[in-house]
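In what follows, a structure is listed as structure tokens, so that the remarks can point back to it.
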Amino acid sequence: MSNTNPQVLLNQGMQFLQAGQPEKALPLFLQLEQLGLKDARLFKVIGGSYERLHRWSEAEQYFERSLALLPAQAELHNAIARFAKRQEDYVKALTHYRKAMDIQPTPERDLQLGLCCLQQSPALTEEANACFQRLLNHQPDHADAMTGMARIAAHNQDEASQHQWLEKALAQDPTCVMALSDLAWWYKERGESQQALGYFERLRERRREDPDVWESIALSALDIGDTSKALQALEQANQRFAQHAGVAKLYAALRFELGDEAYLSHYHNLPKTEAFVPQRTEHAALLIKEKQFEQAAEVIEEIRSIAPHQRQWRSLQSRLFTAQNKFEQAAEVLAIAEAKWQDVPDPLLEQWIGALLAVNEFARAQPLITALIDRNPHDQYVWALQSVAWRQGGDERYHWLCDYDRLVRQQPIIVPKGYSDLTSFNQALRETLFDLHTMQRNPLEQSLDGGTQTAGTLLAKPIPIIQSLRQALLQTMQQTLGDLPFEQTHPTLGRVGPTLDFSASWSVRLNSAGFHHAHIHTKGWYSSAYYVDLPRDMEGDDPHAGWLHLGQPGLALQQPLAAERWIKPEPGTLALFPSFVWHGTQPFHSDEARTTVAFDVLPKKR
């Protein structure tokens with residue numbers, strides 16, 4: 001018979017908790033609650049047990065119940081703030097950090113409050129600065145506080161001060177995780193990937209159980225062309241973090257680009273538990289892409305049997321039906337989303353919209369599209385879906401949205417300094433880009449088919465000719481897009497600004513029969529292709545071979561929609577178009593490659 005003496009239960013529970021066995025302590029504490037005990041200290045230890053078991057939601061509930069009975073508990077406000085930060089609810093996190101500081105100020109809480117201020121809003125920079133300054137006044141050698149000052153400098157766009165504070169932090173404490181991470185990213189964002197790699201490797205010594213660090217090492221190694229180091233890092237990470245779907249997916253992608261035909265082998269023989277559903281989900285998606293439909297169906301059935309309550313299997317089943325041109329079945333399997341679409345995650349809702357558009361159900365799709373635009377009016381993919389719905393329905397707003405005459409431009413770039421003309425510049429640029437194409441085939445999940453793509457952010461690389469290109473592109477775009485009118489309700493014209501900044505950039509080399517599937521760019525406002533080098537015999541029997549086409553949706557539709565605008569590529573010219581506009585290229589046949597530089601830009605934040 002179990003003991004119901006409250007004091008005995010409490011003592012036993014505390015002994016288990018202090019021994020690092022929260023799973024044994026928790027039932028005893030909950031038994032006390034069932035006996036009718038309502039005490040702030042009991043709720044606190046129940047919350048603490050849940051926290052140690054990583055059951056954050058239950059932990060927060062009991063901490064809040066404890067605070068309701070005894071509000072002046074700084075450590076519980078601090079804990080709830082941590083939970084809120086994990087959910088990226090910085091408003092709630094700030095509220096509780098401030099309460100903790102009011103009750104019991106400490107240097108550590110000053111640090112966390114300051115960091116949270118920076119994550120919440122640039123408007124709170126002054127409060128963050130006050131927190132870090134108080135901490136440095138108390139502990140002048142505090143490396144994390146110095147890193148906080150570096151982040152303030154970054155918010156103020158003072159790169160020199162940011163770098164100085166980070167160097168100072170590491171001089172004080174060479175093992176400071178925050179400073180190592182921030183300095184690694186400082187170098188990576190500026191294209192100095194060799195230096196970034198060194199700092200990421202130092203960071204790994206302090207955070208070996210963080211899969212993101214291993215991924216950053218691999219990506220930095222790819223930036224400098226060291227595919228062997230990148231592959232080794234991901235292979236080790238996949239072994240170390242067997243349940244991490246992101247690592248497994250990146251490992252598969254790199255193996256594919258390096259020509260490994262068995263690039264999916266690490267997905268085989270996964271444990272049949274719910275913890276491995278994310279990996280199985282990625283595996284099934286890749287099998288569908290490879291048109292291995294029978295194997296994909298088997299993996300989807302495994303997911304359904306392991307986790308029937310989760311949405312992954314429905315999403316995958318719909319994708320499989322779509323790939324098999326079973327459009328009605330693809331829509332039907334997602335029909336459950338329509339009844340309670342407000343509770344459906346955006347990616348699944350977007351898939352449901354695509355399934356409706358595939359069967360020409362644009363009227364049913366429209367309320368869902370409107371809801372997504374209201375949630376995020378700058379979401380380029382949702383506007384791309386809207387363009388399809390309006391075009392299918394013959395809505396005049398389609399021509400307002402996709403006004404090619406007004407929004408699409410083709411223009412030669414300004415000749416970069418040091419070059420007599422664009423021909424000589426492109427010849428030199430082509431040679432540089434050739435060395436940066438280190439992969440054997442196209443990326444696994446990009447629009448490109450039949451060619452290669454450079455790794456990393458091309459226009460951030462500290463290579464003189466790349467930086468000359470970057471400057472010429474910016475100057476040309478400022479002139480070419482400078483006459484765009486402001487129109488508040490338009491997704492592109494409503495964001496017209498005086499200056500631009502690159503959000504992504506890369507180079508593509510298409511080989512014979514290569515092309516881009518129709519797609520859009522989710523990271524941009526405007527997107528572009530700059531034509532570096534074109535085959536002399538590209539056209540052949542197809543007058544549009546190698547051309548850029550606009551308007552053909554990258555969705556599988558029962559009633560396909562054709563391209564509406566064609567752009568003939570010319571060496572030395574830019575083709576500019578809104579990032580939500582569907583675009584792709586026509587295959588070509590030649591012994592020579594088609595080389596471009598592609599990029600996305602955003603209006604620069606003031």
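The values are calculated or read from the model by the stated rules, or taken from the named source; none is laboratory data. If you're wondering where the values come from, they're calculated on a predicted model, not measured in any experiment. A quick note on method: Cβ atoms are made from the backbone with ideal geometry, for glycine too, and the neighbour counts reach across all protein chains shown. Keep in mind that these areas ignore ligands, DNA and RNA; they rest on the heavy atoms of the full protein, side chains included. Shrake-Rupley method; radii C 1.70, N 1.55, O 1.52, S 1.80 Å.
Quick notes on this structure:
- If you go through the stretch 244-297 and keep only what is of a type in the set (G, A, S), more than 21 Å from L320 (Cα to Cα) and open to solvent by 40 Å² or more (accessible area, probe 1.4 Å), you end up with A262, A275.
- Filter pass, H142 being touching a Pro at 6+ places or on another chain (Cβ under 8 Å) and buried (at least 16 other Cβ atoms within 10 Å of the Cβ): yes
- When residues of the stretch 438-474 are limited to those that are charged (D, E, K, R) and outside any strand (DSSP E or B), the one farthest from H583 (Cα to Cα): K461
- Residue list for the stretch 408-446, restricted to those being in contact with a Phe, Trp or Tyr (Cβ under 8 Å, 6 or more places away or on another chain), open to solvent by 30 Å² or more (accessible area, probe 1.4 Å) and under 30 Å from A262 (Cβ atoms): R441
- Residue in the stretch 397-414 that is aromatic (F, W, Y) and without any contact (Cβ under 8 Å) to a residue 60 or more places away in the chain present: yes
- Residue in the stretch 98-112 that is under 24 Å from P462 (Cβ atoms) and touching a residue at least 24 places away in the same chain (Cβ under 8 Å) present: no
- The residues of the stretch 182-218 that are closer than 23 Å to Q243 by Cβ and not acidic (D, E), listed by number, are F200, L203, R204, R206, R207, R208, P211, V213, W214, S216, I217, A218.
- Only one entry in I300, I224, I306 is touching a residue at least 24 places away in the same chain (Cβ under 8 Å), buried (at least 18 other Cβ atoms within 10 Å of the Cβ), in contact with a helix residue (DSSP H, G or I) (Cβ under 7 Å, 6 or more places away or on another chain) and farther than 25 Å from L458 by Cβ, namely I306.
- Selection count where residues are of a type outside the set (A, V, I, L, M) and touching a Gly at 6+ places or on another chain (Cβ under 9 Å), scope the stretch 506-524: 9
- First in the stretch 426-446 and under 30 Å from A248 (Cβ atoms), second anywhere and among the basic types (K, R) and open to solvent by 20 Å² or more (accessible area, probe 1.4 Å), Cβ under 6 Å, 6 or more apart: H437/R509
- Output for the stretch 526-576, where each listed residue is out of contact with any Leu (no Cβ under 6 Å at 6 or more places or on another chain) and either acidic (D, E) or under 15 Å from D600 (Cβ atoms) (or both): S527, A529, D533, D537, E539, D541, D542, E564, E570, L574, L576
- Here the stretch 48-94 is the region considered, the condition is being surrounded by fewer than 16 Cβ atoms within 10 Å (Cβ to Cβ) and among the acidic types (D, E), and the residue that is nearest to T106 (Cα to Cα) is E75.
- Members of the stretch 268-289 that are over 15 Å from W313 (Cα atoms) and free of Cβ contacts under 8 Å to residues at least 24 places away in the same chain: H268, N269, L270, P271
- For the stretch 156-188, taking the residues that are surrounded by fewer than 17 Cβ atoms within 10 Å (Cβ to Cβ) and of a type in the set (A, V, I, L, M), the one that is nearest to the chain's Cα centre (by Cα) is identified as A160.
- Hey, L231 open to solvent by 50 Å² or more (accessible area, probe 1.4 Å) and either touching a residue at least 40 places away in the same chain (Cβ under 8 Å) or small (G, A, S) (or both) or not: no
- Restricted to the stretch 489-600, the set of strands (runs of 3 or more DSSP E) holding at least 2 residues that are within 22 Å of A460 (Cα to Cα) and touching an Asp or Glu at 6+ places or on another chain (Cβ under 8 Å) comprises 500-516, 526-533.
- The stretch 494-512, residues that are open to solvent by less than 50 Å² (accessible area, probe 1.4 Å) and either within 25 Å of G572 (Cβ to Cβ) or out of contact with any strand residue (DSSP E or B) (no Cβ under 9 Å at 6 or more places or on another chain) (or both): G494, L500, F502, S503, A504, S505, W506, S507, V508, L510
- Checked against the criterion of being touching a strand residue (DSSP E or B) at 6+ places or on another chain (Cβ under 7 Å), surrounded by fewer than 18 Cβ atoms within 10 Å (Cβ to Cβ) and either touching a residue at least 12 places away in the same chain (Cβ under 8 Å) or within 26 Å of G259 (Cα to Cα) (or both), the candidates D449, D537, D542 yield just one match: D449.
- Once the stretch 18-50 is narrowed to residues that are assigned to a helix (DSSP H, G or I) and without any contact (Cβ under 8 Å) to a residue 12 or more places away in the chain, the residue that is farthest from the chain's Cα centre (by Cα) is Q34.
- The stretch 190-215 - residue that is open to solvent by less than 30 Å² (accessible area, probe 1.4 Å) and part of a loop (DSSP other than H, G, I, E, B) and, of those, nearest to R470 (Cα to Cα): G191
- Residue pairs whose Cβ atoms lie under 7 Å apart, sitting 6 or more positions apart in sequence or on different chains, and linking a residue in the stretch 500-524 that is under 15 Å from L548 (Cα atoms) to a partner that is aliphatic (A, V, I, L, M), are V508/L448; V508/A598; R509/A593; L510/A593; H516/L448; I520/A384; I520/V581.
- First in the stretch 161-176 and at pLDDT 95 or above, second anywhere and open to solvent by less than 40 Å² (accessible area, probe 1.4 Å) and not in a helix (DSSP H, G or I), Cβ under 7 Å, 6 or more apart: A169/C176; L170/C176
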